[in-house]
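Please read the structure below before turning to the comments.
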Amino acid sequence: MSNKTLGLSDRLYNYLLSVSLREPDVLRELRQETATHPMSQMQIAPEQGQFMALLVQLMGAKKTLEVGVFTGYSSLAVALALPPDGKVIACDVSEEYTAIARRYWEAAGVAHKIDLRIAPALETLDSLIAAGQINTFDFAFIDADKSNYENYYERSLQLIRPGGLISIDNVLWSGDVADPAVTDNRTEKIRALNQKLHQDKRITLSLVPIADGLTLAVKHS
Ligand code: CA
């Protein structure tokens, strides 16, 4: 996976950042700390965080879902864009990674907006569905284990309101999805979801080639 926008020369990518990135200090500090982490590639690109924050602002979103927190960059970018009474329900299995996230949520003054659920995300999503929260979320970001991508999508589609937006990360998978020689399980799962969404009549679809590829799916009524 890539945590910078694919397919741009370094020169053009750096230009894009130089004329558009407005990264708050707290996000920059989190990105710098995460860069020293062995799994740092799991962090989203800063231009993607800014794009997602713009979408959340544009929608006037208040209630959002995140599947896969890691060290908290995307949840922090979204939480900063939410109104004071906005909420992120954030799913992850790692106490270790999310301990870093919590520190930065606190530092940014948005910890009260983020409800972190440490459990397998499918369990959390199923509990939200069972609790009657179908059709109540404005926005969801899916960025966790690729083997469950389709399951996360189907549950998120139930939880999102009509007109709400699901965003799905890593759908271009460093370009491997377009290379027939690559047939590992994770690549096949992403390919299968991309093909399914292309035919899915329940959504309006756009695959945006920002960072490692971000699919946007708006739920129909
Ligand atoms: Ca990702």
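Bear in mind these aren't lab numbers, they're just calculated from the coordinates by the rules spelled out. This one's a predicted model, so the numbers in the text were calculated from it and none came from an experiment. Cβ sites come from the backbone with ideal geometry, for glycine too, and all protein chains shown count toward neighbours.
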Seminar exercise, completed: Only one of 98, 5 is part of a loop (DSSP other than H, G, I, E, B), surrounded by 16 or more Cβ atoms within 10 Å (Cβ to Cβ) and either touching a Leu at 6+ places or on another chain (Cβ under 8 Å) or among the aromatic types (Phe, Trp, Tyr) (or both), namely 5
Problem set entry | Meets criteria (in a helix (DSSP H, G or I), without any contact (Cβ under 8 Å) to a residue 24 or more places away in the chain and either surrounded by fewer than 24 Cβ atoms within 10 Å (Cβ to Cβ) or out of contact with any Leu (no Cβ under 7 Å at 6 or more places or on another chain) (or both)) for residue 58 | yes
Seminar exercise, completed: Inside the stretch 150-181, the number of residues satisfying the requirement of being within 19 Å of residue 129 (Cβ to Cβ), in a strand (DSSP E or B) and acidic (Asp, Glu) is 0
Exercise. Failed condition for residue 204, given (1) loosely packed, with under 14 Cβ neighbours inside 10 Å; (2) within 16 Å of the ligand (Cβ to nearest atom), with all others met?
Worked result: (2)
Exercise. Is the stretch 98-121 home to any residue that is in contact (Cβ under 8 Å) with a residue 40 or more places away in the chain, closer than 25 Å to residue 192 by Cβ and not small (Gly, Ala, Ser)?
Worked result: no
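Quick check: anything in the stretch 128-140 surrounded by 12 or more Cβ atoms within 10 Å (Cβ to Cβ) and in a helix (DSSP H, G or I)? Spell out how you get there, then give the answer.
Filtering the stretch 128-140 down to residues surrounded by 12 or more Cβ atoms within 10 Å (Cβ to Cβ) leaves 128-129, 133-140.
Now restrict to residues that are in a helix (DSSP H, G or I): 128-129.
So far as the stretch 128-140 goes, yes, one or more of its residues are surrounded by 12 or more Cβ atoms within 10 Å (Cβ to Cβ) and in a helix (DSSP H, G or I).
So which of 23, 47 is among the acidic types (Asp, Glu), surrounded by fewer than 20 Cβ atoms within 10 Å (Cβ to Cβ), within 16 Å of the ligand (Cβ to nearest atom) and closer than 30 Å to residue 161 by Cα? Show your work before the answer.
On the way: 23 fails: within 16 Å of the ligand (Cβ to nearest atom).
After ruling out the rest, the residue left standing is 47.
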Exercise. Is one or more of the residues making up the stretch 54-64 within 16 Å of the ligand (Cβ to nearest atom) and among the basic types (Lys, Arg)?
Worked result: no
